[in-house]
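Read through the structure below, which is laid out as structure tokens, and then see the notes.
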Amino acid sequence: MMNATDAAKTETATFAAGCFWCTEAVFLRLKGVSKVVSGYTGGTLQNPTYRQVCNGTTGHAEGIQISYDPAVITYDQLLDVFFHTHNPTTLNRQGDDVGTQYRSSVFYHDEKQRAAAKAMIEKLNASAEFGDPIVTKLEELKKWYPAEDYHQKYFELNVRQPYCQLVVVPKVDKFKKRYQALLKSSVEK
């Protein structure tokens, strides 16, 4: 159970980068991240279901909400991981997942987060690192809806499932190579 001191150390970030199963699997492995919740945001329907969001008519994106300790991992480091673990140059598409529900978006909680994300996009575009311009949207977080229980920690609970083996495992492996210094030790997981 968290006490008041622990709560004061926790901040929240919300990202959408395609399938939340993939994104959650990456961010759960970072030092300083205490919790990652898969869910929906950015749409108009209240309390959407997975099936409704998958239809692409609610305006929601599949996203993750990250609770983290900024003394251990910074928001800029989270942004760096976010931009380098999906393709931020494809509009409404990540791999075979197509539709606005799979858009690349930073759902900022305050002006500081919006400014940091905008600065990161400008820096990455100036470097031409991705070859194409970044199309990631900056959207104010208005309402967050946790996804159904069976989506939470999906990769950890379904690692042998074909989608996880073909899509999530390669993404997590690539992430681990790039961000070794930010990985939790096996004891922390």
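The values are calculated or read from the model by the stated rules, or taken from the named source; none is laboratory data. It should be emphasised that the depicted structure is a prediction, and the values quoted were computed from it without experimental measurement. We place every Cβ from the backbone using ideal geometry, glycine too, and count neighbours over all the protein chains shown.
Give, as residue ranges, the helices (runs of 4 or more DSSP H) completely inside segment 4-88 that count at least 1 residues that are without any contact (Cβ under 8 Å) to a residue 40 or more places away in the chain and farther than 22 Å from K184 by Cα.
Once the helices (runs of 4 or more DSSP H) in segment 4-88 are filtered for at least 1 residues that are without any contact (Cβ under 8 Å) to a residue 40 or more places away in the chain and farther than 22 Å from K184 by Cα, what remains is 4-9, 50-54.
Restricting attention to segment 91-128, report how many residues are in a loop (DSSP other than H, G, I, E, B), in contact with a Gly (Cβ under 9 Å, 6 or more places away or on another chain) and in contact (Cβ under 8 Å) with a residue 40 or more places away in the chain.
Qualifying residue count for the region: 3.
Got at least one residue in segment 156-169 being touching a Ser or Thr at 6+ places or on another chain (Cβ under 8 Å) and either surrounded by 15 or more Cβ atoms within 10 Å (Cβ to Cβ) or at pLDDT below 95 (or both)? Walk me through how you get there before you give the answer.
As a first pass, look at segment 156-169 and keep what is touching a Ser or Thr at 6+ places or on another chain (Cβ under 8 Å): none.
Among the residues of segment 156-169, not one is touching a Ser or Thr at 6+ places or on another chain (Cβ under 8 Å) and either surrounded by 15 or more Cβ atoms within 10 Å (Cβ to Cβ) or at pLDDT below 95 (or both), which makes the answer no.
Quick one: which residue in S67, S105, S34 is of a type in the set (G, A, S) and under 10 Å from the mean Cα position of the chain (by Cα)?
S105
Being more than 18 Å from L124 (Cβ to Cβ) and of a type in the set (S, T, Y): is that true of T74 here? Outline the logic, then answer.
Numbers: more than 18 Å from L124 (Cβ to Cβ): no; of a type in the set (S, T, Y): yes.
The answer is no for T74.
Which of (1) in contact with a Ser or Thr (Cβ under 7 Å, 6 or more places away or on another chain); (2) crowded, with 24+ Cβ neighbours inside 10 Å is the odd one out, the single condition N92 does not satisfy?
Here N92 clears every test but (2).
Could you run through segment 95-114 and say how many residues are of a type in the set (G, A, S) and more than 17 Å from H60 (Cα to Cα)?
Total meeting the criteria: 1.
What are the residues in segment 173-182 that are surrounded by 15 or more Cβ atoms within 10 Å (Cβ to Cβ) and either farther than 13 Å from C22 by Cβ or at pLDDT below 95 (or both), if any? If you could, list the steps in order and put the result at the bottom.
Of segment 173-182, the ones surrounded by 15 or more Cβ atoms within 10 Å (Cβ to Cβ) are 175, 179, 182.
Answer for segment 173-182, where residues must be surrounded by 15 or more Cβ atoms within 10 Å (Cβ to Cβ) and either farther than 13 Å from C22 by Cβ or at pLDDT below 95 (or both): Y179, L182.
Name every residue in segment 6-43 that is small (G, A, S) and crowded, with 19+ Cβ neighbours inside 10 Å, in order of residue number.
A13, A16, A17, G18, A25, G32, S38, G39, G42, G43
Please verify whether F130 is more than 14 Å from W21 (Cα to Cα), buried (at least 18 other Cβ atoms within 10 Å of the Cβ) and among the aromatic types (F, W, Y), treating the condition exactly as stated.
So F130 fails the test.
Considering only segment 144-189, how many residues are of a type outside the set (S, T, Y), touching a strand residue (DSSP E or B) at 6+ places or on another chain (Cβ under 8 Å) and assigned to a helix (DSSP H, G or I)?
Qualifying residue count, segment 144-189: 3.
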